[in-house]
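I have placed the structure first, in the form of C-alpha cells, so that the comments after it can refer back to it.
The values are calculated or read from the model by the stated rules, or taken from the named source; none is laboratory data. The structure presented is a predicted model; accordingly, all values stated were derived computationally and were not measured. Here the Cβ positions follow ideal geometry from the backbone for every residue, glycine too, while neighbour counts run over all protein chains shown.
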Amino acid sequence: MSDKARWLLVALYAAAMAWVESAVVFYLRVMIDRLEPHQPNPLPMTVFDFGGVELVREAATLIMLLAVGYLAGKTTRARFGYALIAFGVWDILYYVFLIPMTGWPHSLLDWDILFLIPLPWWGPVLAPVSISILMIILGTQLAFHDHLAPRKVSWAIAFLGVWIALYVFMADSIQVIGGGAEAVRTVLPTSFNWLLFFVALILMCAPSVDMGRQMIQNPNFNFVDRTDLEVEKT
C-alpha cells in the first residue's frame, strides 16, 4: 500500500470513529440534559456511574488511536505520525458531526468540556481544533518522511508547549481542586487565556517547523510517495 493510500485509510478510520464518538456523546448529553456542555457538573450523579464509564471510554479512545497508528506505520516515527493524523482527523470531525446531530457547536468559540483525565479540561472549540490541525501537519510529515527527524530541542520546545496548553485547559479545575471533588465537578470557566494558549501553540509548532527546514535543506527528500518512487525505479 502506498503512503498516500495508507494516509487516506487512517483518515477514513478516524472519520468513522469520530461519527461513533459524536453519536455516543449525543446519546449521553440527551440522557443527562447537557446538549449545551458549558454547564456546571457536566456529568451529574445519577443511579448510573456516567463519570466512571466516561473515564474508561476516553482511555479506550486513546488506545484505539495509538493502535491504528502502530498498525499503519512501518517505523516508530511513522507510527507516531499516523497516530497524530488519526487523532487530529477524529477530533475535528467529532465537532463537525455534532452539528447536524445536536445543533452544537454554534461557533468555534463555544465552550466545551474537552477531557476528564486527570481533571476536567475546559476550552473553546477553536482551541482543540487548532491543536488537531498541527497534529495532522506534523503527523503527515513524520509518516511521509520517517527518514527525517525533528531535533531533540524541537521536541523539548513542543513538550513545553503541551504542558502550557494543558495548564490553560485545566487552570480553573486546578484552582478549585482544594475544595474537593464537588468543587471540581461544578466549576464553570468563563474566560480563556488566549495569549498563553497562543504561546503554547507556537511552541508546539517547533517539530513541524524543524522538519520543514530539513526538507528545504535536503532537496532530495521531496514530499513524495516513496512507493511511487520505487515503481518508477522498477
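Numbers at a glance
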| quantity | calculated |
| --- | --- |
| Residues (small (G, A, S) and at pLDDT below 95) located in the stretch 3-15 | A5 |
| Residue in the stretch 101-124 that is in contact with a strand residue (DSSP E or B) (Cβ under 9 Å, 6 or more places away or on another chain), at negative phi, among the acidic types (D, E) and surrounded by fewer than 18 Cβ atoms within 10 Å (Cβ to Cβ) present | yes |
| Pair list, Cβ under 7 Å, 6 or more apart: the stretch 117-135 residue hydroxyl-bearing (S, T, Y), other residue assigned to a strand (DSSP E or B) and buried (at least 18 other Cβ atoms within 10 Å of the Cβ) | none |
| Pair list, Cβ < 6 Å and 6+ apart or interchain, from the stretch 158-172 residues that are under 13 Å from L196 (Cβ atoms) to residues that are modelled with pLDDT of 95 or more and surrounded by fewer than 18 Cβ atoms within 10 Å (Cβ to Cβ) | V168/N193; V168/L196 |
| Among the candidates V56, V89, V68, residue that is of a type in the set (V, I, T), under 27 Å from R29 (Cβ atoms) and surrounded by fewer than 21 Cβ atoms within 10 Å (Cβ to Cβ) | V56 |
| Residue count, the stretch 125-157 (criterion: surrounded by fewer than 21 Cβ atoms within 10 Å (Cβ to Cβ), more than 19 Å from Y94 (Cα to Cα) and among the hydrophobic types (A, V, I, L, M, F, W, C)) | 6 |
